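Engineer: First, the structure itself, so that you have it in front of you.
Throughout, read-outs are computed from the coordinates displayed, never taken from laboratory work. For clarity, every value in this text was computed on a predicted model and none was experimentally measured.
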């Protein structure tokens, strides 16, 4: 079942966030870090306690949170966007339709919130994610450029 995440889900969401950072680090070890558990909780808490700036939905499989998506909305010259910040499904729960359920709910939310577009960034090295997103109807709509400034 897809539902709005709550602060009661914090530890499960933080564990999933850690899985995401480990995966990203495996794809780009020179450009990402693996935060400790406390930092993962802090980052997810920011999503949950943002006074509506971020939203978080999760897949609840009878009390087990095995996937989530964080999102926000923004407005630009091209209209209102729903920006997907994170999507993660527990490694042991992948290929069971959970990612599809999460994205379909985000598409519904975008319509409910009167967004013209749904957008997200993913690593170009993440072939599985790219394939999945394309299967879900997303396509390259813009190019994200970046410059590492090092901190």
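Engineer: Cα centroids of segment 54-87 and segment 105-151: how far apart, whole angstrom?
Structural biologist: One Cα centre to the other: 11 Å.
Engineer: Over the chain, what is the mean sequence separation of C-alpha contacts under 8 Å (at least six apart), divided by residue count, expressed as relative contact order in percent? Walk me through the intermediate numbers first.
Structural biologist: Numbers: 201 pairs, mean separation 29.6, N = 151.
Relative contact order here is 20 percent.
Engineer: What percent does the relative contact order of segment 17-82 come to when contacts are Cα pairs within less than 8 Å and at least six residues apart?
Structural biologist: Working: 61 pairs, mean separation 11.7, N = 66.
In percent, rounded to a whole number, it is 18.
Engineer: Also, I was wondering about something else. Please label the shape of segment 1-88 as rounded, prolate or oblate, based on the square roots a ≥ b ≥ c of the eigenvalues of the alpha-carbon gyration tensor (a/c under 1.5 means rounded; beyond that, a/b larger than b/c means prolate, else oblate).
Structural biologist: Working: a/c = 1.73, a/b = 1.11, b/c = 1.55.
It comes out oblate by the Cα gyration axes.
Engineer: Highest GNM mean-square fluctuation, the chain, Cα pairs closer than 10 Å: which of 102, 20, 113?
Structural biologist: Top of the fluctuation ranking is 113.
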